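K.L.:
First the structure, which I've put down as structure tokens, then a few questions once you've had a look.
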Amino acid sequence: MTPLDYEFLRKFLKERSGLDLSSDKQYLVESRLIPLARRVGLPGIAELVMRLKGLADPLASEVVAAMTTNETFFFRDKIPFDHLKETIFPALVQARASRRGLRIWCAASSSGQEPYSIAMIVKEFAALSGWRVEIVATDLSQAVLEKSKAGIFSQFEVQRGLPIQMLVKYFTQTGELWQLNADIRAMVQHRQLNLLQDFSHLGTFDVIFCRNVLIYFDQDTKIGIFDRLARVLEPDGVLALGASESVVGISDAFRPYPDKRGLYRPSAVRTARAAAPAMALKLVASAR
Ligand SMILES: C[S@@+](CC[C@H](N)C(=O)[O-])C[C@H]1O[C@@H](n2cnc3c(N)ncnc32)[C@H](O)[C@@H]1O
């Protein structure tokens, strides 16, 4: 790959998905894009770049998808889900007692293991029984969202992080595959959304899981996203980040939740802005 083609691809990927590739990742780009080029009948990366320079080529989203990491599994890192049960839900059950409703956003939800882990916890949390709990799962990739909507997982996928009791209770086996039961699937609404773009139309949330996606972005992109996340999080809401992610030293939009690693609250500075909520969008059944 020529240095010019690499520079073009770096810029293209940063603009489309936020992916921030350092100057020495040519091997990674080649290992992912040469097979894609061959699959669509192109000799190599130079021809792929030519196609991307054309207007609105459908190959653009395939290139982004090929460079995106969709790694996920049920109850990933365990601790954030324990926090949900032990700290976040008990506090919100009290704080929202008159509303009896919660809105949870799983941003960058990949193939669904994360939002469905949350859904299973909601289902098991007795004090939320009879509440209106909306779980909104969004991702840049339409392909992973389609997989998530189907709620069908391989033996390998259900063996990663999912307690056997939950497998038996909430899934139905069909041959080698396992499908989440319809009641759990119906708890999650799916929408395609690029975190680089405006998301204020989603309304405000009590809990946001935005995990293992910001690590791929540069500092300025993270700052912008934290700022906008703070505006759609209720003043007493909670943001959960991935194990290797933090707001500390990057943004003052959030402050760490006391004694709970990986959890953050909107900072007081932002709370005034967040208090003017956008109207929650009615998510239509077809988005499920
Ligand atoms: C590594 S997965 C993380 C999945 C899940 N949050 C977890 O922690 O297990 C990262 C996900 O972020 C999505 N993603 C990447 N860039 C994005 C963007 N700009 N906007 C929204 N989602 C994005 C990818 O499609 C992928 O599904």
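K.L.:
How many residues are touching a strand residue (DSSP E or B) at 6+ places or on another chain (Cβ under 7 Å) and either open to solvent by 60 Å² or more (accessible area, probe 1.4 Å) or polar (S, T, N, Q) (or both) when one looks only at the range 91-100?
P.N.:
Matching residues across the range 91-100 total 1.
K.L.:
Restricting the search to the range 53-90, which residues are free of Cβ contacts under 8 Å to residues at least 24 places away in the same chain, open to solvent by 20 Å² or more (accessible area, probe 1.4 Å) and aliphatic (A, V, I, L, M)?
P.N.:
Hits for the range 53-90 are L55, A56.
K.L.:
For A108, state whether it is among the small types (G, A, S), in contact with a Leu (Cβ under 8 Å, 6 or more places away or on another chain) and surrounded by 15 or more Cβ atoms within 10 Å (Cβ to Cβ).
P.N.:
When the stated conditions are applied, A108 passes them.
K.L.:
Of all residues being open to solvent by less than 20 Å² (accessible area, probe 1.4 Å) and over 18 Å from L21 (Cα atoms) in the range 205-224, which is nearest to the ligand (Cβ to nearest atom)? Just the residue, please.
P.N.:
R211
K.L.:
Against the conditions (1) in contact (Cβ under 8 Å) with a residue 40 or more places away in the chain; (2) of a type in the set (A, V, I, L, M, F, W, C); (3) under 21 Å from S141 (Cα atoms), where does M1 fall short? Just the number, please.
P.N.:
Only one criterion is unmet by M1, namely (3).
K.L.:
Now for a different question. Quick one: in the range 100-120, which of the residues that are assigned to a loop (DSSP other than H, G, I, E, B) and either touching a His at 6+ places or on another chain (Cβ under 9 Å) or more than 14 Å from the ligand (Cβ to nearest atom) (or both) is farthest from L214 (Cα to Cα)?
P.N.:
R100
Let's see how each residue does on (1) farther than 17 Å from A243 by Cβ; (2) among the charged types (D, E, K, R):
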position: D57; (1), (2): yes, yes
position: P80; (1), (2): no, no
position: H83; (1), (2): no, no
position: Q94; (1), (2): yes, no
position: G130; (1), (2): yes, no
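K.L.:
May I ask you to verify whether A272 is exposed (fewer than 15 other Cβ atoms within 10 Å of the Cβ), at pLDDT below 95 and small (G, A, S)?
P.N.:
Yes.
K.L.:
Exactly one of these conditions fails for S200: (1) open to solvent by 70 Å² or more (accessible area, probe 1.4 Å); (2) within 16 Å of the ligand (Cβ to nearest atom). Give me its number.
P.N.:
Evaluating S200 over (1) open to solvent by 70 Å² or more (accessible area, probe 1.4 Å); (2) within 16 Å of the ligand (Cβ to nearest atom) leaves (1) as the failure.
K.L.:
Within the range 201-253, work out how many residues are closer than 30 Å to R99 by Cα, among the small types (G, A, S) and either at pLDDT below 95 or out of contact with any helix residue (DSSP H, G or I) (no Cβ under 6 Å at 6 or more places or on another chain) (or both).
P.N.:
3
K.L.:
Of all residues in the range 202-261, which are of a type in the set (D, E, K, R) and more than 25 Å from F74 (Cβ to Cβ)?
P.N.:
D218, D220, K222, D227, R228, R231, E234, D236, D252, R255, D259, listed by residue number.
The values are calculated or read from the model by the stated rules, or taken from the named source; none is laboratory data. Here the structure is a predicted model, which is why all the values come from computation and not from measurement. FYI the Cβ positions are ideal-geometry reconstructions off the backbone, even for glycines, and counts take in every protein chain you see. Only protein heavy atoms, including side chains, enter the accessible area calculation; ligands, DNA and RNA are left aside. Shrake-Rupley method; radii C 1.70, N 1.55, O 1.52, S 1.80 Å.
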